[in-house]
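To keep things clear, I will list the structure first and then write my remarks on it.
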Amino acid sequence: MADQRNQIATFAPLDQGDLLISTENVTSTVWLNNTPTLTSYFTSSVQVNSATGQFYYSIYFEEEATGSVQFAIAYCDADGSGSLLYNPNVDGLSPTRTNYGQYRNLILGDEESSFVFGNQSASYFYALPVERSGYKEELLPGAMTLALSGSDETLRLTDDSKLGGAAVFSEAGRIFNLVSGSAGAVYTDINSNGWTANSGSYGWFMPDIGTILLSGPALSGSFADGGIDLSVSRASNTQVNNPEKLYTVLNDGGSGAGSPDGWTLNSNEQLSSDFIFVRARSQNFNYSTNPSFISGSDGSVLYDTFINDPQVYITSIGLYNNNQELVAVAKLSRPLLKDFTKELLVRIKLDF
Amino acid sequence: MGYLNNQVVTVDAILTTKGRELLAKGDGSFNITSFALSDDEIDYTLYNPNNPSGSAFYGEAIQNMPLLEAFPDETQMMKYKLVTLPRDTAKMPVVTAGVTVIKMKQTSTFTVTPQTLNYLGNKSTTETSGYVFTVSDVRQFAQNNGVLGQGLGTDAERNLNAASSQTNGTNVSRTVIGTSCVLTATGVNTLYGQAGNSASILYSVITIIGRDSGARVQVPIQITKT
């Protein structure tokens, strides 16, 4: 790279003041096609009847189930109830027990700990992991409404992040209680915390792993107690398809009787950006190596007027590393005129 | 590929393929330290200093043209750089390679020593910062030092030439710097007769760019089977 004494250069150095790193929060919808609320849920009979159907149901955006999975429903039971045993001679080990152990390890870490939703422990629950491509980095607390309908009554759930209490941290990051309410607003008709009357909270909202746990006891309670009479079966060594039961109340909450709301869920992503400020001073970058700027093989400029008053048009800005390798490029939407009377200042934003 | 909306002035920025490769390495080699400007796509013969409407309209055929989106291929961008030169420059720097076609035989060597016309008032000389040499298909040259930049003797030259030996498996071009470039043709026969090559001649091209002037020249290379 030539210095100023040479009075010839094609590269200009950037100093520290020209580079700025910034992060911003970008929120968006979770569901396919930027749909804010999911009101219809579909399963795939192929998936449900496959080996994976013993562990979870994949929930699709469209009826055709063409691969656009939005989330899954997994029933988890500490006793292994609700599904067939792997081996009838080994009591308690079944897919629902595997699910339970998986989430206990992921969230609690300790095999001696149990899930306590609100102030009540629960040995069975539903896990709803959201498809990662939808939530990108994390779920957005305080924006969710999940409607479940049973017996012509609709239960709306949200998280309690807007109540102002500090988040509880687990092995899986932040935990917020699922409470009665919508879009972060808590309904306190049954309990001042928005919980059920006798079964604690409705579960956990875990934004950092994109998963929601729904307490089995809470949903099984009567509507007067804050539940929806979900008849979760805990029969041993029996395939009872508990995910199907939650799927039904989800569907009714989206498009069934009552006042369905579906499932509104947003994501949050921290976007890191490099801002680069490119300054072309009046004395710099006024001639071009473009072949059409030159007339003939001896390098004469195209027009005599270009000798004293060259006019060049900027279309691209190249960003280089120490090895003069082109690592990023910015293209202007229209050519910008540059001559000895003009300076250029362009802000370039690179997102990572 | 598409056009950018030129009703408003915007900047469309992307990482190049090389930039993504360096970012993935995570060794700090991505760090942006300098910039350059170019006028790719501009045809200056459209500039009309005889426009009867006056000087404000000399560049009307250029100023309103729609521009294409950026290409991620770093070899297809920033071809024609804008250059800082003293006012009243009548002749632009022009790089010459001394040959119009580089003809080699298998395992033979050829040294390219470019010169720049009109550089810092000289009729023909070597640029102070040397040249960037890029061969389009490194497979046509010997595995060890088949494309070697030399002559500057600087740390930058050693660093760049060392880094250039690292390829990502799909990028077949190779770039080195120096005041001259020594090419050694491959002795392997497998490329002859493949797409783009005849049964007896391999075809490629070397691009030479002045590191100070930004002037560039491309020279075809032919390697004959022996």
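The values are calculated or read from the model by the stated rules, or taken from the named source; none is laboratory data. Here the structure is a predicted model, which is why all the values come from computation and not from measurement. Note that each Cβ is placed from the backbone with ideal geometry, even for glycine, and that neighbours are counted across all protein chains shown.
In the list B:Phe141, B:Phe133, which residue meets the criterion of being among the aromatic types (Phe, Trp, Tyr), in contact (Cβ under 8 Å) with a residue 12 or more places away in the chain and touching a Leu at 6+ places or on another chain (Cβ under 8 Å)? Going through B:Phe141, B:Phe133 in turn, just one is among the aromatic types (Phe, Trp, Tyr), in contact (Cβ under 8 Å) with a residue 12 or more places away in the chain and touching a Leu at 6+ places or on another chain (Cβ under 8 Å): B:Phe141. Here is the figure for region B:9-51: residues that are in contact with a strand residue (DSSP E or B) (Cβ under 8 Å, 6 or more places away or on another chain) and facing chain A (nearest Cβ under 7 Å) total 24.
The selection criterion, being among the β-branched types (Val, Ile, Thr) and surrounded by fewer than 16 Cβ atoms within 10 Å (Cβ to Cβ), does not hold for A:Val130. Note on region B:20-46: residues that are more than 20 Å from the chain's Cα centre (by Cα) and over 23 Å from A:Thr10 (Cβ atoms) total 7.
How about region B:135-144: which of its residues are surrounded by fewer than 22 Cβ atoms within 10 Å (Cβ to Cβ) and either assigned to a strand (DSSP E or B) or not charged (D, E, K, R) (or both)?
So in region B:135-144, the residues surrounded by fewer than 22 Cβ atoms within 10 Å (Cβ to Cβ) come out as B:136-139, B:142-144.
Within region B:135-144, B:Ser136, B:Val138, B:Ala142, B:Gln143, B:Asn144 meet the criteria.
Here A:Pro141 fulfils each of the conditions (1) more than 27 Å from A:Ser113 (Cβ to Cβ); (2) at pLDDT 90 or above; (3) part of a loop (DSSP other than H, G, I, E, B) apart from (1). Restricting attention to region B:145-183, the residues being modelled with pLDDT under 80 and either more than 14 Å from every other protein chain (Cβ to nearest Cβ) or in contact with a His (Cβ under 8 Å, 6 or more places away or on another chain) (or both) number 3. Among the residues of region B:112-130, those that are part of a strand (DSSP E or B) and touching a residue at least 12 places away in the same chain (Cβ under 8 Å) comprise B:Val112, B:Gln115, B:Thr116, B:Leu117, B:Asn118, B:Tyr119, B:Ser124.
Listed by first and then second residue, the pairs with beta-carbon distance under 6 Å, at least 6 apart or on different chains, first residue in region B:200-213 and within 14 Å of another protein chain (Cβ to nearest Cβ), second among the basic types (Lys, Arg), are B:Ile209/B:Arg216.
For region B:100-117, the criterion of being touching a Ser or Thr at 6+ places or on another chain (Cβ under 8 Å), facing chain A (nearest Cβ under 9 Å) and over 25 Å from A:Thr315 (Cα atoms) is met by at least one residue.
Restricting attention to region B:76-99, which residues are more than 7 Å from chain A (Cβ to nearest Cβ), touching a residue at least 12 places away in the same chain (Cβ under 8 Å) and not in a loop (DSSP other than H, G, I, E, B)? Don't jump to the end; show me each part of the working.
Going through region B:76-99, the residues more than 7 Å from chain A (Cβ to nearest Cβ) turn out to be B:76, B:79, B:95-99.
Applying the additional criterion that residues be touching a residue at least 12 places away in the same chain (Cβ under 8 Å) yields B:79, B:95-99.
Hits for region B:76-99 are B:Val95, B:Thr96.
Number of residues in region A:320-335 that are within 11 Å of B:Ser38 (Cα to Cα) and either of a type in the set (Val, Ile, Thr) or under 34 Å from the mean Cα position of the chain (by Cα) (or both): the value is 4. Residues of region B:61-70 include at least one that is assigned to a helix (DSSP H, G or I), out of contact with any Gly (no Cβ under 8 Å at 6 or more places or on another chain) and facing chain A (nearest Cβ under 8 Å). Within region B:26-75, being free of Cβ contacts under 8 Å to residues at least 40 places away in the same chain and closer than 17 Å to A:Leu350 by Cβ holds for B:Gly26, B:Gly28, B:Phe30, B:Asn31, B:Ile32, B:Thr33, B:Ser34, B:Phe35. For the structure I just gave you, tell me whether A:Ser94 is small (Gly, Ala, Ser), surrounded by fewer than 19 Cβ atoms within 10 Å (Cβ to Cβ) and over 21 Å from the mean Cα position of the chain (by Cα). Against the criterion (small (Gly, Ala, Ser), surrounded by fewer than 19 Cβ atoms within 10 Å (Cβ to Cβ) and over 21 Å from the mean Cα position of the chain (by Cα)), A:Ser94 does not qualify.
Would you be able to say whether some residue in region A:316-331 is crowded, with 22+ Cβ neighbours inside 10 Å and assigned to a helix (DSSP H, G or I)? The answer is no, given that none of the residues of region A:316-331 is crowded, with 22+ Cβ neighbours inside 10 Å and assigned to a helix (DSSP H, G or I). Evaluating A:Lys245 against the criteria (1) free of Cβ contacts under 8 Å to residues at least 60 places away in the same chain; (2) within 14 Å of chain B (Cβ to nearest Cβ); (3) among the basic types (Lys, Arg); (4) within 30 Å of A:Ser28 (Cα to Cα) leaves one unmet condition, (2). Within region A:189-203, the only residue that satisfies the criterion of being hydrophobic (A, V, I, L, M, F, W, C), closer than 16 Å to A:Ser215 by Cα and free of Cβ contacts under 8 Å to residues at least 60 places away in the same chain is A:Ala197.
Can you report the number of residues in region A:166-185 which are within 21 Å of A:Leu265 (Cα to Cα) and either in a loop (DSSP other than H, G, I, E, B) or touching a helix residue (DSSP H, G or I) at 6+ places or on another chain (Cβ under 6 Å) (or both)? Counting residues in region A:166-185 that are within 21 Å of A:Leu265 (Cα to Cα) and either in a loop (DSSP other than H, G, I, E, B) or touching a helix residue (DSSP H, G or I) at 6+ places or on another chain (Cβ under 6 Å) (or both) gives 7. How do the pairs read when you match residues in region A:299-311 that are more than 8 Å from every other protein chain (Cβ to nearest Cβ) and in contact (Cβ under 8 Å) with a residue 12 or more places away in the chain with residues anywhere that are of a type in the set (A, V, I, L, M, F, W, C) and part of a strand (DSSP E or B), using Cβ under 6 Å and keeping only pairs 6 or more apart or on different chains? Close Cβ pairs satisfying both conditions: none exist.
Taking into account only those residues within region B:55-114 that are small (Gly, Ala, Ser) and surrounded by 17 or more Cβ atoms within 10 Å (Cβ to Cβ), which is farthest from the chain's Cα centre (by Cα)? Quick ask: steps written out before the conclusion?
Going residue by residue through region B:55-114, those that are small (Gly, Ala, Ser) are B:55-56, B:59, B:61, B:70, B:90, B:97-98, B:108.
Still in the running and surrounded by 17 or more Cβ atoms within 10 Å (Cβ to Cβ): B:59, B:70, B:97.
Numbers: B:Gly59: 28, B:Ala70: 17, B:Ala97: 13 Å.
Per the criteria, the residue is B:Gly59.
Residue-level check: of (1) touching a Cys at 6+ places or on another chain (Cβ under 7 Å); (2) surrounded by fewer than 19 Cβ atoms within 10 Å (Cβ to Cβ); (3) of a type in the set (Val, Ile, Thr), B:Thr126 misses just (1). Please identify the pairs in which a residue from region A:35-47 that is more than 14 Å from A:Met144 (Cβ to Cβ) has its Cβ atom under 6 Å from the Cβ atom of a residue that is acidic (Asp, Glu), counting only partners at least 6 apart or on another chain. What qualifies is A:Phe42/A:Glu63. Give region A:18-44 a look and list any residue that's at pLDDT below 90 and assigned to a helix (DSSP H, G or I), or say none. Passing the criteria: A:Leu32, A:Asn33, A:Asn34.
For region A:291-307, state whether one or more residues are assigned to a strand (DSSP E or B), charged (D, E, K, R) and within 25 Å of B:Asp43 (Cβ to Cβ). Within region A:291-307, not a single residue is assigned to a strand (DSSP E or B), charged (D, E, K, R) and within 25 Å of B:Asp43 (Cβ to Cβ).
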